[in-house]
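Asks: Structure incoming, see below.
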Amino acid sequence: MGKLSRRTMLATSGALLAAPAIVRAQSTVTLRLHHFLPPVSNVHAKLLAPWVQKVSDRSGGRLKITIFPSMQLGGTPPQLYDQARDGVADIVWTLPGNTPGRFPSTEVFELPFIASRRGVPNARASQEFADTHLGQETREVKLLSFWSHDRGLIHANKQVRTMDDLRGLKLRFPTRLAGEALRALGVNAIGMPIPQVPESIAQKVIDGCVVPWEVVPAIRVHELLKFHTDIPGSPTLYTASFFLAMNKAKYDGLPADLKAAIDATTGMPFATDAGKVWDEAGAEVEAMVKARGNTITVIAEDEKARWVKATQPVVEAWLKATSEKGLNGARLLETARALIAKHEKA
């Protein structure tokens, strides 16, 4: 074989040096998404899995996200946010309420009788709120979306029509403020991660729980309990809020087109999809529970007014606590109410 000319050698060397950069730009990136619910849950099947597919489609198959449900990467649900921060997982779906007091501004949507009974207005209002008010509290991660679900209901081993029926009931609560509201109504409120709820009901550790319809099948509430109590109209007793959060360094290290695939499918689009999942799944679950013959009670409007009055001290205490933390709780509350009203009309 003849000798390579200097020009050929330089051209060949240049191509070899350029190749890794080209490969890097066109190679597939795989991310790990961690959450605490089982794969049969609506969140997994109807929200997270479709989102993963959307990201893959937008990236031309170059950005793949593998979902690890049921805490398969280890740890406990309250540790999920830190797993995203520390890179144990690349993305997590979690509740800020799992770590009470850490994200005080998010709690405004979880105050009693603030939220809409529908998921879409709550979700959109929460995301719009996050765009302006949550940057500092979530600075350790890339916050992809923040939203809140539809109305939560009381599920118990006896019928609940009034505050008197609630007195002394041991009910699992989902967030700090929901717990405070339930205590104000006379409930023996008990906090625990949602995966522990079925066994705790079966073992009679608790008499029931407070969750939206959407969650009911995933933790078999309709099989373990026969009585469900709804609150009429808006505002409703409570909602819980959620984060879809990503490791900041992992996001910053992505090529621009892969960042764009995430950006286009998160924020308000993701929050809206989440609200729709809760609303649609909730209606389906309610119909299923009725068909089973379980008892669904809607409290009277005058009884609701009693509950609103009884839980007002929870709102007042939150306003005082946020002020002590240097936050303008009254302004946050006014903003949240205005955003919910805006998106309720939309």
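The values are calculated or read from the model by the stated rules, or taken from the named source; none is laboratory data. Everything numeric in this text was worked out from a predicted model, so none of it was measured. FYI the Cβ positions are ideal-geometry reconstructions off the backbone, even for glycines, and counts take in every protein chain you see.
Asks: Output the number of the condition that ASN247 fails; it satisfies all remaining conditions of (1) in contact (Cβ under 8 Å) with a residue 24 or more places away in the chain; (2) assigned by TED's automatic domain parsing to the domain that holds GLU137; (3) over 23 Å from PRO104 (Cα atoms).
Replies: (3)
Asks: Evaluate the following for ALA281: is it loosely packed, with under 13 Cβ neighbours inside 10 Å and within 25 Å of the chain's Cα centre (by Cα)?
Replies: So ALA281 fails the test.
Asks: A follow-up question, please. Quick one: in segment 64-121, of everything that is among the polar types (S, T, N, Q) and touching a residue at least 40 places away in the same chain (Cβ under 8 Å), which residue is farthest from PHE173 (Cα to Cα)?
Replies: At the first step, the residues of segment 64-121 found to be among the polar types (S, T, N, Q) are 66, 70, 72, 76, 79, 83, 94, 98-99, 105-106, 116.
Now drop any that are not touching a residue at least 40 places away in the same chain (Cβ under 8 Å), which leaves 70, 76, 83, 94, 98, 105-106, 116.
Values: SER70: 20, THR76: 17, GLN83: 24, THR94: 16, ASN98: 11, SER105: 19, THR106: 17, SER116: 19 Å.
Among those that are among the polar types (S, T, N, Q) and touching a residue at least 40 places away in the same chain (Cβ under 8 Å), it is GLN83.
Asks: For residues that are part of a helix (DSSP H, G or I) and modelled with pLDDT of 95 or more, tally how many sit in segment 47-90. Outline the logic, then answer.
Replies: Let us first name the residues in segment 47-90 that are part of a helix (DSSP H, G or I), namely 47-58, 77-86.
Those still in the list that are modelled with pLDDT of 95 or more too: 47-58, 79-86.
Residues meeting the conditions: 20.
Asks: Then there is this: State whether one or more residues within segment 215-235 are in contact (Cβ under 8 Å) with a residue 60 or more places away in the chain, among the charged types (D, E, K, R) and more than 22 Å from SER70 (Cβ to Cβ).
Replies: Yes, some residue in segment 215-235 is in contact (Cβ under 8 Å) with a residue 60 or more places away in the chain, among the charged types (D, E, K, R) and more than 22 Å from SER70 (Cβ to Cβ).
Asks: Got a sec? Which of GLY208, GLY191 is in the same structural domain as ALA336 (by TED's automatic domain parsing) and either in contact with a Gly (Cβ under 8 Å, 6 or more places away or on another chain) or acidic (Asp, Glu) (or both)?
Replies: Checking each option against the conditions leaves just GLY191.
Asks: Cβ contacts < 7 Å: first residue free of Cβ contacts under 8 Å to residues at least 60 places away in the same chain, restricted to segment 165-189; second residue β-branched (Val, Ile, Thr) and in a helix (DSSP H, G or I), any location; separation 6+ or different chain. Result?
Replies: If the second residue must be β-branched (Val, Ile, Thr) and in a helix (DSSP H, G or I), the pairs left are ARG172/VAL197.
Asks: Going by the conditions given, is LYS325 assigned by TED's automatic domain parsing to the domain that holds VAL160, without any contact (Cβ under 8 Å) to a residue 24 or more places away in the chain and farther than 14 Å from GLU110 by Cα?
Replies: no
Asks: Here are LEU225, LEU258: which of them is surrounded by fewer than 23 Cβ atoms within 10 Å (Cβ to Cβ), assigned by TED's automatic domain parsing to the domain that holds PRO121 and in contact with a strand residue (DSSP E or B) (Cβ under 6 Å, 6 or more places away or on another chain)? Step through it out loud before you land on a result.
Replies: Numbers: LEU225 fails: assigned by TED's automatic domain parsing to the domain that holds PRO121.
Matching residue, one of LEU225, LEU258: LEU258.
Asks: In segment 328-346, how many residues are out of contact with any helix residue (DSSP H, G or I) (no Cβ under 8 Å at 6 or more places or on another chain) and either without any contact (Cβ under 8 Å) to a residue 24 or more places away in the chain or among the hydroxyl-bearing types (Ser, Thr, Tyr) (or both)? So that I can check it myself, show each step before the final result.
Replies: Within segment 328-346, the subset out of contact with any helix residue (DSSP H, G or I) (no Cβ under 8 Å at 6 or more places or on another chain) is 331, 334, 337-338, 341, 345.
Next cut, either without any contact (Cβ under 8 Å) to a residue 24 or more places away in the chain or among the hydroxyl-bearing types (Ser, Thr, Tyr) (or both) only: 331, 334, 338, 341, 345.
Residues that pass the stated criteria total 5.
Asks: Working only within segment 295-314, note down all residues that are over 17 Å from ALA178 (Cβ atoms), among the polar types (S, T, N, Q) and under 27 Å from the mean Cα position of the chain (by Cα).
Replies: Residue satisfying the conditions is THR297 alone.
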